[in-house]
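Undergrad: Below is a structure I'd like to ask you about.
The values are calculated or read from the model by the stated rules, or taken from the named source; none is laboratory data. Quick caveat, the model's predicted, so the values are computed rather than measured. Don't worry about glycine lacking a Cβ; one is built from the backbone with ideal geometry, like all the others, and counts go over all protein chains shown.
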């Protein structure tokens, strides 16, 4: 199987062979990356093609399983387990296992409103996740249109992200019960790396000569968006990391940077709970949690005048809209604007 593109269509075409016969199907996208995802997930049916004008009538359950497999091969395990799986589980508790093309906009609207009556956050998560899934169902020619398209996204109260200053971090560090976690907390604060990236970081990710970290993807770990990125190391962090660096450490060293006392890989849940206990012990804002260190990295950069687009790249955000939640911190820019009046 391979992708091709011609002048007859703006979309990439997937070419494959059935019983020696060349067959072509549209990926319904002009984006190369999305087309490659379609290629990875595509599995030509061994059965005979359906007659013209008929529908596949794939069931909701079968489609959910196909989509989970696709997401598992294309996106992070966290997205699969914390968004896709619970979204389909909840949908199937409320909506019968109908053929996919028999699920109407009204059915989806009633489902979302039922969830929103209990939790607007859950309704928003299910809406985003399932809308993306049904968009893929359109691409796969299971349904003619997405029933989510005519439904407005549930509104969720957007709280400004909590963050800590360096002085507050020092207080939290002083109240951290395990010394081997302190360098990890500092690294999170100075790099904005996600917890999953930190516990999987190996010494061969770090280039002390050029002072940067590369978040690498391999068979055992992939970043949230499956993309590698470079993160500069400032002098303070360099001193911290060289302080825990093994005496024998080269570019081939694939040992984990942060481990427990026995040298084993850290568990994300354990790290998060220890950090939260230290926050409570420090009597700092109870809204602070481990991910707040990532918010702190972005917030501190914005407050120092760094462009949102630079912050986006450093944090590894896929969309500038994610980074724009920090735009309110550009106080000097806002003051300069008002002073023009």
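Undergrad: Would you be able to say whether some residue in the range 130-141 is part of a loop (DSSP other than H, G, I, E, B), in the same structural domain as residue 224 (by TED's automatic domain parsing) and touching a residue at least 60 places away in the same chain (Cβ under 8 Å)?
TA: Taking every residue of the range 130-141 in turn, none turns out to be part of a loop (DSSP other than H, G, I, E, B), in the same structural domain as residue 224 (by TED's automatic domain parsing) and touching a residue at least 60 places away in the same chain (Cβ under 8 Å).
Undergrad: Here are the criteria: (1) in a loop (DSSP other than H, G, I, E, B); (2) loosely packed, with under 14 Cβ neighbours inside 10 Å. Tell me which single one residue 147 does not satisfy.
TA: Residue 147 satisfies every listed condition except (2).
Undergrad: Check whether at least one residue in the range 210-217 is modelled with pLDDT under 95 and crowded, with 16+ Cβ neighbours inside 10 Å, and report yes or no.
TA: Looking for residues that are modelled with pLDDT under 95 and crowded, with 16+ Cβ neighbours inside 10 Å, one finds at least one in the range 210-217, hence yes.
Undergrad: Would you confirm whether any residue within the range 152-161 is assigned to a helix (DSSP H, G or I) and free of Cβ contacts under 8 Å to residues at least 24 places away in the same chain?
TA: no
Undergrad: Checking the condition more than 30 Å from residue 26 (Cα to Cα), under 24 Å from the mean Cα position of the chain (by Cα) and surrounded by 14 or more Cβ atoms within 10 Å (Cβ to Cβ), which residue from 124, 119, 76, 87 passes?
TA: Exactly one residue qualifies, and that residue is 124.
Undergrad: Of all residues being in contact (Cβ under 8 Å) with a residue 60 or more places away in the chain and closer than 18 Å to residue 263 by Cα in the range 164-194, which is surrounded by the fewest Cβ atoms within 10 Å (Cβ to Cβ)? Just the residue, please.
TA: Restricting to residues being in contact (Cβ under 8 Å) with a residue 60 or more places away in the chain and closer than 18 Å to residue 263 by Cα, the top hit is 177.
Undergrad: If a residue must be buried (at least 16 other Cβ atoms within 10 Å of the Cβ) and under 14 Å from residue 59 (Cα atoms), how many such residues does the range 96-115 contain?
TA: 4
Undergrad: Looking at residue 288, is it surrounded by 12 or more Cβ atoms within 10 Å (Cβ to Cβ), modelled with pLDDT of 90 or more and not in a helix (DSSP H, G or I)?
TA: yes
Undergrad: OK, next. Give me the residue from the range 244-272 that is within 13 Å of residue 200 (Cα to Cα) and in a helix (DSSP H, G or I) and, out of that set, modelled with the highest pLDDT.
TA: 271
Undergrad: Still on this structure, I have one more. Looking at the range 276-296, which of its residues are in contact (Cβ under 8 Å) with a residue 12 or more places away in the chain and closer than 9 Å to residue 175 by Cβ?
TA: Hits for the range 276-296 are 277, 278, 279, 281, 282.
Undergrad: Does any residue of the range 105-112 turn out to be modelled with pLDDT under 95, part of a loop (DSSP other than H, G, I, E, B), more than 28 Å from residue 36 (Cα to Cα) and out of contact with any helix residue (DSSP H, G or I) (no Cβ under 9 Å at 6 or more places or on another chain)?
TA: Checked against the condition, which is being modelled with pLDDT under 95, part of a loop (DSSP other than H, G, I, E, B), more than 28 Å from residue 36 (Cα to Cα) and out of contact with any helix residue (DSSP H, G or I) (no Cβ under 9 Å at 6 or more places or on another chain), the range 105-112 yields no hits at all.
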